[in-house]
Amino acid sequence: MPQYLGFSTINANKPKSSNMVNGIDGGPGGIREPIVYGKKFKLTDEKLVIQDFMNALNIRIGEKVGQPQYGTSLWEFIFEPNTPDVQGKLEVELRRVATLDPRLQVNTVKASPVQNGILIELQVAVAPFNNPQVLSVFFNSGLNSASLQ
């Protein structure tokens, strides 16, 4: 299941009590409000995986520090002619970006040029939910951004 684990900053700016009593999670607490150190939170959702995929599509390959293979080279195809060769390269690149995230499975890819960019329709499924859905991603050359339609 896709998830994001991080630290909660709840009560981080409040003074700590010297008489520690049990809080709501069994950890140390305060007089009026419980203080819970290191409490984790997590986001689990299909939308989180889709947002991670869109973030990868908005980053050009080699721009992320420490991860030179992260991102995409799709921006180089914006002004290319719509030939079967270019469409094949687009599909290969989209599948490569999708394989960077093991939670995402791409079934079909269809690319078509539009006035100011490229419109790509993907049928994807997010593991473990496996509900196929169609994403329409528009690569706008004027704004230099990829967005869901």
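In segment 87-109, what residues are in a helix (DSSP H, G or I), among the hydrophobic types (A, V, I, L, M, F, W, C) and touching a Leu at 6+ places or on another chain (Cβ under 8 Å)?
Selection gives Leu90, Leu94, Val97, Ala98.
Just give me the residues in segment 130-149 being of a type outside the set (A, V, I, L, M), in contact with a strand residue (DSSP E or B) (Cβ under 6 Å, 6 or more places away or on another chain) and in contact (Cβ under 8 Å) with a residue 24 or more places away in the chain, in sequence order. Break it down stepwise before answering.
Taking segment 130-149 and keeping what is of a type outside the set (A, V, I, L, M), we get 130-133, 136, 138-142, 144-145, 147, 149.
Applying the additional criterion that residues be in contact with a strand residue (DSSP E or B) (Cβ under 6 Å, 6 or more places away or on another chain) yields 132, 136, 138-141, 147, 149.
Listed by number, the residues that qualify are Pro132, Phe138, Phe139, Asn140, Ser141, Ser147, Gln149.
Failed condition for Glu121, given (1) at pLDDT 90 or above; (2) under 12 Å from Ile50 (Cα atoms); (3) of a type in the set (D, E, K, R), with all others met?
(2)
Considering only residues of segment 70-94 that are modelled with pLDDT of 85 or more and over 23 Å from Asn144 (Cβ atoms), which is surrounded by the fewest Cβ atoms within 10 Å (Cβ to Cβ)?
Here the answer is Asp85.
If you scan segment 80-108, which residues turn out to be of a type in the set (A, V, I, L, M) and over 19 Å from Ile59 (Cβ atoms)?
Val86, the sole residue that qualifies.
Are there any pairs with C-beta distances below 9 angstrom linking a residue in segment 110-129 that is assigned to a strand (DSSP E or B) to a residue that is among the small types (Gly, Ala, Ser) and at pLDDT 85 or above, with the two at least 6 apart or on different chains, and if so which?
Sorted first by the residue in segment 110-129, then by its partner, the pairs are Leu119/Ser136; Ile120/Ser136; Glu121/Ser136; Leu122/Ala98; Leu122/Ser136; Val124/Ala98.
The values are calculated or read from the model by the stated rules, or taken from the named source; none is laboratory data. Keep in mind the model is a prediction, meaning the values are calculated, not measured. All Cβ positions, glycine included, derive from the backbone under ideal geometry; neighbour counts span all protein chains shown.
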